[in-house]
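Notes to accompany the following structure.
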Amino acid sequence: MALLLTDSTKTLKSGLLPLTDKLDDKNFHTWKYQAWLTIQTLSLERHLDPSQTPAKIETPSAAATLDPTKSASEAQPTESAAYKEWRQNDLALQTWLAASITKPYQNKILKCRSFHEAWTTIQLYVDATSRSRIQSLKSQMRGVKKTGTVEEYLNKLNSISESLASLDYKVSDDDYIQTLIDGLTEEYHGFTASVMGRFGSITVPEAEAFLIAFDEMLNRTKNSTQHLPVAHLTQQAYYSGDRGGGRRGRGTGRFQRGGRTSWQNTRTFCQICGRGGHGAYNCYFQFD
């Protein structure tokens with residue numbers, strides 16, 4: 001625990017406890033938020049601004065210098081009380097900072113002589129390493145392929161997306177959906193074709209929900225003795241998937257109205273394949 005010199009009577013008061021979630025390579029933004037709240041709570045923001053450092057030397061007035069009742073030592077320049085208090089608080093902040101970060105980061109600030117210098121050193125290091133880490137994670141994300149279940153595939157993509165978010169980089173919906181499509185096998189061609197038909201308007205939750213529904217239909221068809229046509233499979237999965245909100249949040253569906261969906265119109269017949277229940281704009285065979 002660090003101790004703060006808080007007033008002119010030199011009363012020591014407990015004020016700083018190390019952050020439980022110590023700074024590492026994966027949590028800078030959340031760690032910085034907690035650290036900043038602590039600094040603000042104790043009204044110590046001035047220690048991040050070198051211009052607010054009090055004058056170190058207190059020069060005696062001309063009257064004090066000429067006063068015969070003052071000793072020679074009393075008439076000499078001395079360290080100001082304001083600077084002493086500021087320095088004590090700054091050392092307390094440095095101690096707290098060192099206790100709130102992991103060893104690799106502690107090694108970065110060993111030569112720092114003030115809290116501001118240590119804080120700035122950490123910020124510059126994180127900025128430099130974040131750029132390379134972001135590029136590495138983006139490359140990893142593009143390389144993810146569906147080799148197991150759909151749930152495992154989506155978990156991998158979401159894990160990398162969350163890691164990027166922790167570095168203050170947001171993956172756009174279009175980029176995420178394009179990556180989602182690129183990692184699928186040939187048997188998901190029906191899903192890919194339908195999603196590409198709505199690319200730019202379909203959201204991530206909708207695409208993920210559609211993929212889960214399509215996968216369920218695909219597995220059901222594989223285990224059935226009577227296989228449905230692929231076009232019908234895509235149509236069923238599309239209707240099923242677009243009702244839910246998906247893994248990234250719940251939605252109402254883009255075509256829902258009053259608890260019913262506009263595609264559930266049995267009087268609609270496709271002009272391309274001749275089947276009922278969907279129009280030509282939703283037909284799988286429109287890409288043939």
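Every read-out reported here was derived from the displayed coordinates using simple, explicitly stated rules and does not represent laboratory data. Model, not experiment: these values are computed from the prediction. With ideal geometry, Cβ positions are generated from the backbone for all residues, glycine too; neighbour counts draw on all protein chains shown.
With a Förster radius of 22 Å applied to the C-beta separation of residue 151 and residue 221, the computed FRET efficiency comes to 0.70. Amide H contacts for residue 58 (H built 1.01 Å from N in the peptide plane; partners 5 or more residues away or on another chain; cut-off under 5 Å): 78, 79, 80. Amide H to amide H distances under 5 Å link residue 101 with 23, where only residues 5 or more positions off or on other chains count and H is placed in the peptide plane. Annotation: amide H of residue 16 within the under-5 Å range of 2, sequence separation 5 or more or interchain, hydrogens built in the peptide plane. Extension gain, residue 166-residue 95: 0.36 nm per intervening residue step, less the Cα-Cα distance, totals 23.0 nm. For residue 45 and residue 138, what is the calculated FRET efficiency with R₀ set at 41 Å and r taken between the beta-carbons, to the nearest 0.05? Step by step, r from the Cβ atoms, then E = 0.75.
In this simple spin-label model, placing a label point 7 Å from the Cα along the Cα-to-Cβ direction at both residue 103 and residue 22 gives a separation of 0.9 nm. With a Förster radius of 41 Å applied to the C-beta separation of residue 87 and residue 158, the computed FRET efficiency comes to 0.30.
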